[in-house]
Amino acid sequence: MAQAYGENMRQALDTLRSHKLRSALTVFGVVLGVSVIMLVAALLTGFDQKIQESVNQYGADTAFITKWDQGRHGGPPPLEEQQRKPLTVEDAKAIVERCTAVKQVTVFLQTSWSHNHIVRTKAGDVTAIDFRGVQPNFGEVYANAATLEGRFISEGDDLHKEKVVMLGENVAPVLFPEGHPIGKDVMIDGSVSSRWRGRKAQGRFRL
């Protein structure tokens, strides 16, 4: 048995020596094939992780509804989009009443990214931010709006139209480098209208 094994090995080595080019191409093909498989597997793993991160960011059971088509970059929206009826608070209430599978609905207003808002304090200012007007339950529906410090906007704030604001975790250190922004004043678009003066940072959230 051992002698047969040794004979097979000698024949194999003799074949490799007598057909060096063919052997080299065979080895190259095997190495290339394995490398391609590993590369594809790595890319698929990366794509899968990216998709999971995106889903977890917004919430696996969260859906966004808007009158605008998603994925459009630059330029004004088509006329057909502009002529669509805007969504209202009544639409959100209808979803809650008629769709029993829906746990909760929140409504928010968000300006276009082409419209830059300026948030300013004596220590600094921030532009090109994600600027939204939200309801008190926004933090419960949107998984990425976890409160890190202070509190979220309350029903009382909404009822009495209080001028309060939540600051993103990357915004607060710029506006308040000394820390502790809760209860302090910020200006939003102060160069346009002074009525924003006196908004207070009631908390900050991850965004």
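The values are calculated or read from the model by the stated rules, or taken from the named source; none is laboratory data. Quantities reported herein were computed from a predicted structural model and do not represent experimental measurements. Neighbour counts are summed over all protein chains in view; Cβ atoms, including those assigned to glycine, are modelled from backbone coordinates with ideal geometry.
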Problem set entry | Residue match in the stretch 90-103 (condition: polar (S, T, N, Q) and loosely packed, with under 12 Cβ neighbours inside 10 Å) | yes
Seminar exercise, completed: Considering the stretch 143-162, residues that are under 24 Å from the mean Cα position of the chain (by Cα) and either among the small types (Gly, Ala, Ser) or part of a loop (DSSP other than H, G, I, E, B) (or both), and then whichever is farthest from GLY183 (Cα to Cα), we arrive at ALA143
For this session: Examine the stretch 71-78 for a residue that is in the same structural domain as GLU169 (by TED's automatic domain parsing), in a loop (DSSP other than H, G, I, E, B) and modelled with pLDDT under 85, and state whether such a residue exists.
Result: no
Exercise. What are the pairs, 6+ residues apart or on separate chains, where a residue within the stretch 164-187 that is closer than 14 Å to ALA128 by Cα has its Cβ under 6 Å from a residue that is of a type in the set (A, V, I, L, M, F, W, C)?
Worked result: LEU167/ALA201; GLY168/LEU207; VAL171/VAL126; VAL174/VAL126
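Among the residues of the stretch 104-142, which ones are among the basic types (Lys, Arg), surrounded by 12 or more Cβ atoms within 10 Å (Cβ to Cβ) and either within 23 Å of HIS180 (Cβ to Cβ) or not assigned by TED's automatic domain parsing to the domain that holds GLU178 (or both)?
From the stretch 104-142, those among the basic types (Lys, Arg) are 120, 122, 132; that's our starting set.
Narrowing further to those that are surrounded by 12 or more Cβ atoms within 10 Å (Cβ to Cβ): 120, 132.
If the condition is that a residue be among the basic types (Lys, Arg), surrounded by 12 or more Cβ atoms within 10 Å (Cβ to Cβ) and either within 23 Å of HIS180 (Cβ to Cβ) or not assigned by TED's automatic domain parsing to the domain that holds GLU178 (or both), then ARG120 is the only one that fits.
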Problem set entry | Positions within the stretch 10-44 being in a helix (DSSP H, G or I) and at pLDDT below 80, in sequence order | ARG10, GLN11, ALA12, LEU13, ASP14, THR15, LEU16, ARG17, SER18, LYS20, SER23
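Residue by residue, here is whether (1) among the small types (Gly, Ala, Ser); (2) at pLDDT 80 or above holds:
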site: GLN110; (1), (2): no, yes
site: HIS117; (1), (2): no, yes
site: GLY124; (1), (2): yes, yes
site: THR127; (1), (2): no, yes
site: GLU169; (1), (2): no, yes
site: PRO173; (1), (2): no, yes
site: SER194; (1), (2): yes, no
site: LEU207; (1), (2): no, no
Problem set entry | Residues that are surrounded by 10 or more Cβ atoms within 10 Å (Cβ to Cβ), closer than 22 Å to GLN104 by Cα and at pLDDT 80 or above, drawn from the stretch 45-64 | THR62
Problem set entry | Scope the stretch 117-142; condition within 18 Å of VAL171 (Cα to Cα) and in a loop (DSSP other than H, G, I, E, B); matching residues | HIS117, ILE118, THR121, LYS122, ALA123, GLY124, THR127, ALA128, ILE129, ASP130, PHE131
Exercise. Assuming GLY150 fulfils every condition listed in (1) assigned by TED's automatic domain parsing to the domain that holds ILE188; (2) surrounded by fewer than 16 Cβ atoms within 10 Å (Cβ to Cβ) apart from one, which condition is it?
Worked result: (2)
